[in-house]
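A quick write-up on the structure given underneath.
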């Protein structure tokens with residue numbers, strides 16, 4: 001099952017007892033998820049001279065994996081699109097070893113985790129539901145860890161492992177001899193619970209679990225219906241964790257509960273979904289929590305790891321934790337107590353008119369900083385790209401309900417979600433400069449729309465059709481009309497000649513890309529859906545093993561509001577880079593991020609674009625960021641002013657967060673270029689390194 005290609009034993013680059021935290025980048029997101037480097041060989045005065053130092057093409061397919069690599073003692077550890085783990089010489093890009101688990105990974109895999117006790121070192125690498133412990137020198141699996149070198153994340157959840165869909169998209173963190181992680185689960189029922197778990201780094205034994213859906217007797221149990229912990233799911237932590245090693249606290253952002261757009265079966269606030277948790281890293285016990293969205297019905301996850309910061313507040317130095325959100329706000333809390341540094345203001349929001357749904361009457365927002373993405377879409381904010389496009393957008397807009405944040409989805413018309421379902425902030429994370437107290441966060445600023453639709457439930461009458469199975473299980477992402485939201489959510493309308501019925505059934509069973517697996521679907525139902533997608537045949541069917549009945553209402557799908565030419569239907573900026581002074585809560589600067597090359601040739605510049613992947617900041621006075629979907633550029637800005645100082649075009653869009661490190665006295669900046677955000681653009685997986693001549 002496990003195949004290892006060993007090319008070079010590390011030799012001169014062998015693991016040292018301790019990592020050089022200044023020169024290396026040994027942790028996903030950097031220490032405290034700050035994405036900060038004290039290196040300054042590359043700085044404001046010379047960054048314009050950056051040249052390509054090396055590149056490594058993983059030659060592993062077009063599936064984007066969004067990896068933020070780590071660097072330890074001159075070795076870069078990363079992941080390929082198919083989730084093979086690689087070790088590269090960080091100075092040359094030469095492949096040292098490559099680990100192939102035998103499983104073809106699909107979808108995001110944002111990196112690996114490093115642990116060393118001074119005599120041996122391990123890399124913890126995820127492939128779908130499994131986490132492997134690899135020898136950092138050779139890439140060999142360590143057979144004494146877990147079950148012959150790996151642990152299965154579907155286990156120890158109190159449910160049948162064979163019927164759970166659990167994968168690790170963002171690497172965990174190390175606290176002493178514990179490997180602590182969250183996971184990604186489906187966002188519709190059935191879904192496993194999103195327990196936060198800690199494993200022994202040597203044996204793989206589970207040491208503690210924190211139930212994000214509380215069990216009887218646990219804090220928060222009364223915010224759910226009785227026994228919801230047995231059937232509800234998600235409330236998981238997919239974006240990554242932050243560790244305060246000195247205090248022994250791990251900070252955990254969680255996402256929405258399943259189903260994420262209709263919550264009639266989970267009436268209540270639903271702790272600890274949509275929460276920032278501060279847990280005792282040694283025991284998993286809750287120290288404090290903050291819930292940003294009560295009874296979430298909009299999939300308003302915390303989308304990125306929290307950032308550990310130190311700020312000046314009321315004349316004192318305060319260790320704090322900053323958390324960005326999809327809806328465009330930054331929350332700032334005292335790390336020890338959870339007390340907000342800027343006041344939180346409760347606001348009233350509308351009730352739901354969908355039968356069975358009970359929306360929370362209030363939600364809270366901070367009084368500072370101001371949001372980094374627009375909050376309310378009005379008619380004067382529609383695209384003016386051409387007079388015809390503006391009139392089209394105005395006609396469409398009049399059909400929508402646009403009232404700002406936390407408006408419940410209904411069944412009569414589309415509700416505007418702005419910023420969209422992808423944020424606002426996203427998984428790339430924020431960078432913090434300890435010299436100035438400034439937080440750098442990139443954001444999307446486009447509108448999406450959606451609604452709810454009633455499910456047909458012929459199961460109760462003994463009959464079902466393939467289309468009803470599709471609508472109940474697939475249309476929430478791929479839409480009723482099968483068109484999806486390409487390329488992130490592909491169209492399923494023309495699969496003939498591209499996929500066989502067996503290939504489609506395998507994808508439904510195993511998952512692919514952002515799509516989770518569906519282990520709870522009966523085999524006959526999977527075959528029926530696959531057949532429907534190829535032939536459109538929709539005959540009533542009988543089965544002795546029908547899948548569970550769906551909720552009464554379902555999500556109508558992700559509708560990114562684009563004009564007929566494929567551009568956002570709202571006025572620019574469509575993406576921004578923001579510098580927020582956390583000492584004061586005020587903005588230092590804000591600029592559009594990204595552009596469409598074809599619009600630039602028409603004279604339409606500084607539009608910003610959607611962007612995925614975050615920034616890093618350095619003592620050299622620089623902010624480095626790729627992220628932009630359509631121009632494939634990698635940029636360096638002056639961190640004090642936002643002035644563009646350097647840019648280059650990557651082989652594919654850099655939808656990942658870069659790293660910087662030093663080897664043999666030379667500083668490098670590396671980004672993983674993956675592309676795949678627009679169907680016509682190239683995609684794959686190439687690590688690209690830059691340095692001074």
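Rule-based calculations on the coordinates, nothing more; no lab input. For clarity, every value in this text was computed on a predicted model and none was experimentally measured. Backbone-built Cβ (ideal geometry, glycine too); neighbour counts: all protein chains shown.
Observations, loosely collected:
- Distance in nm between pseudo-label sites at residue 314 and residue 367 (7 Å out along the Cβ direction from Cα): 1.3
- Taking the convex hull of Cα positions in the chain, its mean projected area over all directions (nm²): 28.7
- Gyration tensor (alpha-carbon) shape descriptor, the stretch 206-270, a/c threshold 1.5: prolate
- Contact order for the stretch 253-350, expressed relative to its length and based on alpha carbon pairs under 8 Å spaced 6+ residues apart, stands at 22 percent.
- Shape of the stretch 255-386 from the C-alpha gyration tensor: oblate (a/c of 1.5 or more and a/b not above b/c, with a ≥ b ≥ c the square roots of its eigenvalues).
- Of the residues 269, 195, the one with the fewest other Cβ atoms within 10 Å heads the list, and the complete ranking is 269, 195.
- Considering only alpha-carbon pairs that sit under 8 angstrom and 6 or more positions apart, the relative contact order computed for the stretch 583-655 is 26 percent.
- Estimated 222 nm signal from helices in the chain, with DSSP H stretches of n ≥ 4 weighted -39500 (n - 2.57), rounded to 500: -2000 deg cm²/dmol
- Each peptide in 128-135, 311-318, 378-385 gets a packing score, the mean of other Cβ atoms within 10 Å over its residues, and the list from highest to lowest is 128-135, 378-385, 311-318.
- Three-way shape label, the stretch 21-86, alpha-carbon gyration tensor, a/c 1.5: oblate
- Of the residues 426, 388, the one with the fewest other Cβ atoms within 10 Å heads the list, and the complete ranking is 388, 426.
- Under the criterion of Cα pairs below 8 Å and six or more residues apart, the relative contact order for the chain equals 14 percent.
- Each of 215, 295 was scored by other Cβ atoms within 10 Å of its Cβ. Listed from fewest to most, they are 215, 295.
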